[in-house]
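These notes are about the structure you will find just below.
The values are calculated or read from the model by the stated rules, or taken from the named source; none is laboratory data. Not measured: the values here are computed from a predicted model. Methodologically, a virtual Cβ is constructed for each residue, glycine included, from the backbone with ideal geometry; neighbour enumeration extends over all protein chains shown. Heads up: the accessible areas ignore ligands, DNA and RNA and are worked out on the full protein's heavy atoms, side chains in. Shrake-Rupley method; radii C 1.70, N 1.55, O 1.52, S 1.80 Å.
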Amino acid sequence: MTSVDFYILGQTQQQDRLTFTCRLTEKAWTEGHQVYIHVDSEEAAMELDALLWTYKPDSFVPHQLAGKVADGSCDVEIGWQQHPEHHKGVLINLVSPLPTFFSRFDRVLEVVIQEEAILKQTREHYKFYKDRGYTVTHRDLRG
């Protein structure tokens, strides 16, 4: 069954959420996991794509936008609409409502910032997961 982790940040800005997503992606990828990052639009995907190349000068996380190659050859993919047919390891979910395909992943990671809309969506996701018996872990990084 899919396990779910909430990473709770103390920051309030979307940019902090995206930067942390890059760090989380790099960590999962270096541990050998396939990672699919689900965002709400092509624009958001392109922003995260650019940030993954630049967020840390000494970092390299090979990745692609969903639908560009879609043959499973890249372990990190950013998507907004398509069902990630070639990924099943780690889903980093940055959208609401939850994508219908979340349960095909081994792990779902949710990144939470202290912004009212994100907190509301997080509460809804948490309730959804718990009501359906998923194992949920909180990782409070507010310090």
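Looking only at segment 127-139, which residues are of a type in the set (Ser, Thr, Tyr) and either in a strand (DSSP E or B) or closer than 20 Å to Trp80 by Cβ (or both)?
Restricting attention to segment 127-139, the residues satisfying the condition of being of a type in the set (Ser, Thr, Tyr) are 129, 134-135, 137.
Correct list: Thr135, Thr137.
Of the residues Glu47, Glu110, Glu124, which single one is at pLDDT 95 or above, under 16 Å from Tyr36 (Cα atoms) and assigned to a helix (DSSP H, G or I)? So that I can check it myself, show each step before the final result.
On the way: Glu110 fails: assigned to a helix (DSSP H, G or I); Glu124 fails: under 16 Å from Tyr36 (Cα atoms).
When all the criteria are applied, what remains is Glu47.
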Just to be sure I understand, how many residues within segment 103-124 are under 15 Å from Asp5 (Cα atoms) and of a type in the set (Gly, Ala, Ser)? 1
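Which of the residues that make up segment 98-107 are under 12 Å from the mean Cα position of the chain (by Cα) and either without any contact (Cβ under 8 Å) to a residue 24 or more places away in the chain or assigned to a strand (DSSP E or B) (or both)? Break it down into steps so the answer makes sense when it comes.
Of all residues in segment 98-107, those under 12 Å from the mean Cα position of the chain (by Cα) come to 98-99, 102, 105, 107.
Of everything in segment 98-107, just one residue is under 12 Å from the mean Cα position of the chain (by Cα) and either without any contact (Cβ under 8 Å) to a residue 24 or more places away in the chain or assigned to a strand (DSSP E or B) (or both), namely Arg107.
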Need the failing condition index for Asp58 against (1) open to solvent by 30 Å² or more (accessible area, probe 1.4 Å); (2) farther than 18 Å from Glu42 by Cβ; (3) assigned to a helix (DSSP H, G or I), just the number. (3)
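Just the residues that are touching a strand residue (DSSP E or B) at 6+ places or on another chain (Cβ under 9 Å) and among the acidic types (Asp, Glu), please, taken from segment 36-45.
The first filter runs over segment 36-45 and keeps only residues touching a strand residue (DSSP E or B) at 6+ places or on another chain (Cβ under 9 Å), leaving 36-39, 42, 44-45.
Matches in segment 36-45: Glu42 only.
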Contact list please: Cβ distance under 8 Å, first residue in segment 43-55 and under 16 Å from Lys27 (Cα atoms), second residue open to solvent by 40 Å² or more (accessible area, probe 1.4 Å), pairs at least six apart or on different chains. Leu51/Thr19; Tyr55/Thr19; Tyr55/Arg23
What are the residues in segment 1-26 that are open to solvent by 70 Å² or more (accessible area, probe 1.4 Å) and within 12 Å of the chain's Cα centre (by Cα), if any? Arg23
Which numbered condition trips up Gly67, out of (1) in contact with a His (Cβ under 8 Å, 6 or more places away or on another chain); (2) open to solvent by 40 Å² or more (accessible area, probe 1.4 Å)? (1)
What are the residues in segment 70-85 that are surrounded by 16 or more Cβ atoms within 10 Å (Cβ to Cβ) and either over 22 Å from Phe128 (Cβ atoms) or of a type in the set (Lys, Arg) (or both), if any? Ala70, Cys74, Asp75, Val76, Glu77, Ile78
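What about His33, is it open to solvent by 50 Å² or more (accessible area, probe 1.4 Å) and touching a strand residue (DSSP E or B) at 6+ places or on another chain (Cβ under 7 Å)? Even if it seems obvious, please write down each step before you answer.
Working: open to solvent by 50 Å² or more (accessible area, probe 1.4 Å): yes; touching a strand residue (DSSP E or B) at 6+ places or on another chain (Cβ under 7 Å): yes.
Yes: the conditions hold for His33.
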